[in-house]
Amino acid sequence: MATVVPAALPSPPTIARAADLPSYQQIERWLVEAIDSGALAAGDRLPSERDLAGILQVSRMTLRQSLGALEARGLIARVAGRNGGTFVQEPRISCDLTTLAGLTEQLRRHGMKAGAEVIRAIERPAPAIVAGALGIGDGAPVFEIVRLRAANTQPIALEQSYFPAELFPGMLGQDLEGSLYSLIELRYGRRPIRAFESLEAVSVDSSEAELLEVPPGSALMRVERTAYAADSVAVEYASDLFRSDRARIVVSSGLSEEV
């Protein structure tokens, strides 16, 4: 009896064993195209490994290679248990560090609604690492603004930003749920035009995990940033935690003419 292809799946490819592209990569490409086209949407459950291997007429070992590659890319999640299975994930959002744009603007470029919940907004003495990054004295007053960022209501990042209080008087009395970069540009004339950023993989603690709706100890990507205005004055130091299953960090680079 022929295996019936579920309605959500497009017609399966004919796997060419002698092709330049390995079988598991052919399957991976087919599933990626199904997700990109919308034939498979976030939350959809794929057929069981046995059924999907039958549909494609490949071994389960080959199929598992494909699913493992897709899981590593954050496109699917495999859940164990009676109600488990393989589910299509929300697509990861590309956060481009090549151009200095706030998360609000980047989410809008993806056609997503940006959200910001202010967790903490206080004036405090600058910790040593913040003072060093901003080029101010230890203990100088800064505004610390911690916000939970969301994409289409789903938590994606926890932002912790520091701004020199001397440069931005009255900032804490402004609307802090929109773009902070737009705020400091339009109200204070201090548009950030360049930044030094570093990336580091970290694990999340219990309080951060609760806010980001991930299990404690989950792997996150931390982006530390010092942003500068046109006069080379540092206007922000930030430490942002991104959910690795919801965002990917993109950097564009080129070869130096001297190479």
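The values are calculated or read from the model by the stated rules, or taken from the named source; none is laboratory data. As the structure is a computational prediction, the values presented were derived from the model and not from experiment. Methodologically, a virtual Cβ is constructed for each residue, glycine included, from the backbone with ideal geometry; neighbour enumeration extends over all protein chains shown.
Being among the hydrophobic types (A, V, I, L, M, F, W, C), in the same structural domain as A219 (by TED's automatic domain parsing) and surrounded by fewer than 18 Cβ atoms within 10 Å (Cβ to Cβ) is not true of A126. In the stretch 188-199, the residue that is surrounded by the most Cβ atoms within 10 Å (Cβ to Cβ) out of those that are in contact (Cβ under 8 Å) with a residue 24 or more places away in the chain and not small (G, A, S) is R190.
Condition (residue is within 23 Å of E90 (Cα to Cα) and either touching a helix residue (DSSP H, G or I) at 6+ places or on another chain (Cβ under 9 Å) or part of a helix (DSSP H, G or I) (or both)) applied to the stretch 126-133: is it met by at least one residue? Checked the stretch 126-133: no residue is within 23 Å of E90 (Cα to Cα) and either touching a helix residue (DSSP H, G or I) at 6+ places or on another chain (Cβ under 9 Å) or part of a helix (DSSP H, G or I) (or both). Among the residues here, L134 qualifies as farther than 29 Å from D245 by Cβ, surrounded by 14 or more Cβ atoms within 10 Å (Cβ to Cβ) and in contact with a strand residue (DSSP E or B) (Cβ under 7 Å, 6 or more places away or on another chain).
Per-residue answers, yes or no, for (1) loosely packed, with under 15 Cβ neighbours inside 10 Å; (2) within 22 Å of the chain's Cα centre (by Cα); (3) under 21 Å from F242 (Cα atoms):
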site	(1), (2), (3)
G178	yes, yes, yes
L186	yes, no, no
A201	yes, yes, yes
V204	no, yes, yes
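For the stretch 149-176, taking the residues that are under 13 Å from the mean Cα position of the chain (by Cα) and aliphatic (A, V, I, L, M), the one that is surrounded by the fewest Cβ atoms within 10 Å (Cβ to Cβ) is identified as A150. All conditions but one from (1) in a loop (DSSP other than H, G, I, E, B); (2) more than 18 Å from A126 (Cβ to Cβ) apply to A150; the one that does not is (1). Where strands (runs of 3 or more DSSP E) fall wholly inside the stretch 9-103, the ranges with 2 or more residues that are modelled with pLDDT of 80 or more are 76-79, 85-88. Apart from one condition, P215 fits all of (1) closer than 25 Å to I122 by Cα; (2) surrounded by fewer than 19 Cβ atoms within 10 Å (Cβ to Cβ); the exception is (1).
Okay, residues lined up against (1) within 21 Å of E144 (Cβ to Cβ); (2) among the small types (G, A, S); (3) at pLDDT below 90:
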residue	(1), (2), (3)
G178	yes, yes, yes
R187	yes, no, no
P215	no, no, yes
A234	yes, yes, no
L241	yes, no, no
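Test A219 against the stated conditions and say whether it is small (G, A, S), closer than 22 Å to G115 by Cα and without any contact (Cβ under 8 Å) to a residue 60 or more places away in the chain. The answer is no for A219.
Just one of (1) in contact (Cβ under 8 Å) with a residue 40 or more places away in the chain; (2) part of a loop (DSSP other than H, G, I, E, B) fails for Y162. It is (2).
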